[in-house]
Amino acid sequence: MANSSEAKQDLNIPNPNKDHEDLGPSSNGDDTEEDEYDAVGAEDDDEGDGDEEEEDEETPPPQKPQSQSDQLRLEKSKLESLMRRMSSGKVPLRVHDVIIKGNSKTKDYIIEAEVEGVKNASTLQELLQAAGTANAKLQGLDIFDSVRITLDSGPPELSGTANVIVEVVESKNPLSGECGAYTKPAARSWTLEGSLKYKNWLGYGDLWDGSLAYGPNQTSEVSAGVFLPRFRGFVTPVVARAFLLSQDWQEFSSYKERQLGLSLNFFSSRHHDLVYNLGWRTLTDPSQMASRTIRRQLGHGLLSSLKYVFKIDRRNSPVRPTRGYACVLSSQIGGLAPDHRCLRFLRQEFDLRYALPFGFYNVALNFGISGGVVFPWGRGFLDKPSSVPERFFLGGDFSPVCSVGGPTTVWGFKTRGIGPTEPRRQNSEKSDGENSDSSHSDAVGGDLAVTAFADLSFDLPLRWLREHGVHGHIFAGSGNLAKLTENEFRSFSFQKFFQSFRSSIGAGIVVPTKFFRLECNYYYILKQYGDDCGKTGFRFSVSAPL
């Protein structure tokens, strides 16, 4: 597929405005001779008809056709003249028509919607910029092998106008596939995913895909969806997806989660996302050893929620940011259905990041703070517990530098390794000492979560390492969880909450790539409590930017 920069170079501008800039064939001296000849001929006619033979002798010879080299020189001189005029000031120009070519299957209005900006251009400079933006948008639809936009002069009777010609080449092979490894902080897991995609099946720029995902901690997902860039007047794309999700949390919380549902993203832009989710969720306990909190929530539940996300990321890199900032705010409300089994909750999250460069050896300080709170709503909500899958869990072997979206991890602690726990059911086959071990407790999560971190990155002295982006870092992190539901908020104290923060420090080497961030770190746990699963020592971690 041609890229946008190549398309910009293909912008041909043969005389968009003849009244302001003559870019047609240049006139030569023969025109002047003809005018002089006409004037002389008129005088001779007054004297009589005896000089007709003299007129014939003065008739100029026919003009010879220009050679190819002469035409190239003329085009070059016209282009240089246009460039000089553009550099000296704005060239007034308006678009007369947009002509689309090459779309045998794609609907015209799909392409017209992406090039709408060119119609608002009032100068040649604005038109060139709008054409480049339109080219990038058309390629972003991922249904064309190449896109080329050229400019041509408008009708001769309409001076100061131009026609925009959009030439597209539709994909010869609409079927494609891909596979890869991805991180899902919401599931606290890594997954291997494969997908098949079919492009432009109906001619509406639609992208159909099916995907299969499997994770090392028995997390699997099967889904199918469709992407529509323009749907019934929506100014943003619409995405619909049906999915079957299964997650095994028996190791940490003694339950399995299965959800069959549908998600509809009907508003998506650079900074905003609005998604509706409808699903049927089932929680089971195959081991029959779950704690009391988990057992109370086993069974079926209806999830009907609306989630809004506002995101700004002005960092220069998501893998190793050295300057800029990022901000994510999300709000979710569940219970948008009259069914009594519908989960009713309010969930709010925020995440703030900032990267401060020091100006030497590529040293930069990244620091951030994130938090979230979840609470049930409805009649008697003060006495009700929040849904376990919607609670916050901290821990996991991935870097908080990459994961932007809410409180998820603290360095040095295992998955779901921080926060409130409850003992599982007693097993008569095991001794009391074994049952008291932290591995026999369920992590039940918290309704309030706060995390913070600081990461100082710097280049290593070896040139080869610097050229490949390998660098060192020193870091510190902390976080905590607390329960607020079932009237626990009445005894909540911010002073005790912050005093009981878990914390860790460490140092390591980071190998950033285009797709993920590999770290080899040494963690030292400064503070942990009770059944927390933090461990001092060396550990590898892999994180993907989000």
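The values are calculated or read from the model by the stated rules, or taken from the named source; none is laboratory data. Computed from a predicted structure; not experimentally measured. Note that we place each Cβ from the backbone using ideal geometry, even for glycine, and neighbour counts take in every protein chain shown. Surface areas here come from the heavy atoms of the whole protein model, side chains and all, with no ligands, DNA or RNA. Shrake-Rupley method; radii C 1.70, N 1.55, O 1.52, S 1.80 Å.
What the table below lists for this structure:
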| quantity | calculated |
| --- | --- |
| Every pair of residues 6+ apart whose Cβ atoms lie under 6 Å, when the first sits in region 120-143 and is closer than 27 Å to F227 by Cβ and part of a helix (DSSP H, G or I) while the second is of a type in the set (D, E, K, R) and open to solvent by less than 40 Å² (accessible area, probe 1.4 Å) | A134/E114; K137/E114; L138/E114 |
| Candidate set: region 289-301, residues that are closer than 14 Å to R258 by Cβ and either touching a Cys at 6+ places or on another chain (Cβ under 9 Å) or among the aliphatic types (A, V, I, L, M) (or both); chosen: the one most open to solvent (accessible area, probe 1.4 Å) | L298 |
| Qualifying positions in region 247-281 - buried (at least 16 other Cβ atoms within 10 Å of the Cβ) and polar (S, T, N, Q) | Q247, Q250, S253, S254, Q259, S263, N265, S268, N277 |
| Members of region 54-100 found to be surrounded by 10 or more Cβ atoms within 10 Å (Cβ to Cβ), at pLDDT 75 or above and either part of a strand (DSSP E or B) or polar (S, T, N, Q) (or both), listed by number | Q71, S77, P92, R94, V95, H96, D97, V98, I99, I100 |
| Hits in region 170-180 - residues which are within 22 Å of I99 (Cβ to Cβ) and either loosely packed, with under 15 Cβ neighbours inside 10 Å or small (G, A, S) (or both) | S171 |
| Unique match (being farther than 25 Å from Q348 by Cα, out of contact with any Pro (no Cβ under 9 Å at 6 or more places or on another chain) and in a strand (DSSP E or B)) among S211, S246 | S211 |
| Subset of region 459-473 (residues that are surrounded by fewer than 20 Cβ atoms within 10 Å (Cβ to Cβ) and part of a strand (DSSP E or B)) | D459, G472 |
| Which numbered condition A476 fails, given (1) within 19 Å of T409 (Cα to Cα); (2) touching a residue at least 24 places away in the same chain (Cβ under 8 Å); (3) open to solvent by 50 Å² or more (accessible area, probe 1.4 Å) | (3) |
| Residue pairs meeting the criteria (Cβ under 7 Å; at least 6 apart or on separate chains; first on the phi > 0 side of the Ramachandran plot and touching a residue at least 24 places away in the same chain (Cβ under 8 Å), in region 355-373; second open to solvent by less than 70 Å² (accessible area, probe 1.4 Å) and of a type in the set (V, I, T)) | N362/T322 |
| P286 being in a loop (DSSP other than H, G, I, E, B), open to solvent by less than 40 Å² (accessible area, probe 1.4 Å) and touching a strand residue (DSSP E or B) at 6+ places or on another chain (Cβ under 7 Å) | no |
| Residue match in region 368-385 (condition: within 30 Å of P461 (Cβ to Cβ) and part of a strand (DSSP E or B)) | yes |
| Hits in region 375-404 - residues which are under 24 Å from A326 (Cβ atoms) and aromatic (F, W, Y) | F392, F393, F398 |
| Scope region 103-134; condition farther than 22 Å from L93 by Cβ, open to solvent by 40 Å² or more (accessible area, probe 1.4 Å) and either under 22 Å from the mean Cα position of the chain (by Cα) or not basic (K, R) (or both); matching residues | S104, D108, Y109 |
| Matching option when the condition is assigned by the TED database to the domain that holds F367, under 24 Å from L192 (Cα atoms) and open to solvent by 60 Å² or more (accessible area, probe 1.4 Å), among F494, F489, F516, F538 | F516 |
| When residues of region 201-216 are limited to those that are under 28 Å from V542 (Cα atoms) and surrounded by 18 or more Cβ atoms within 10 Å (Cβ to Cβ), the one farthest from the chain's Cα centre (by Cα) | G215 |
| Residue match in region 289-303 (condition: small (G, A, S), outside any strand (DSSP E or B), in the same structural domain as V388 (by the TED database) and modelled with pLDDT under 95) | yes |
| Residue that is farther than 30 Å from E116 by Cα, in the same structural domain as Q288 (by the TED database) and either in contact with a Cys (Cβ under 9 Å, 6 or more places away or on another chain) or of a type in the set (G, A, S) (or both), where the choices are G225, G215, G203 | G215 |
| Counted residues, region 303-320 - those being surrounded by 17 or more Cβ atoms within 10 Å (Cβ to Cβ) and in contact with a Phe, Trp or Tyr (Cβ under 9 Å, 6 or more places away or on another chain) | 7 |
| Filter result for the condition that a residue is open to solvent by 40 Å² or more (accessible area, probe 1.4 Å), at pLDDT below 90, closer than 20 Å to F234 by Cβ and not polar (S, T, N, Q), over D152, D142 | D142 |
| Search result, residues across region 346-405 that are at pLDDT 85 or above, within 17 Å of V319 (Cβ to Cβ) and out of contact with any Leu (no Cβ under 9 Å at 6 or more places or on another chain) | R353, N362, P400, V401 |
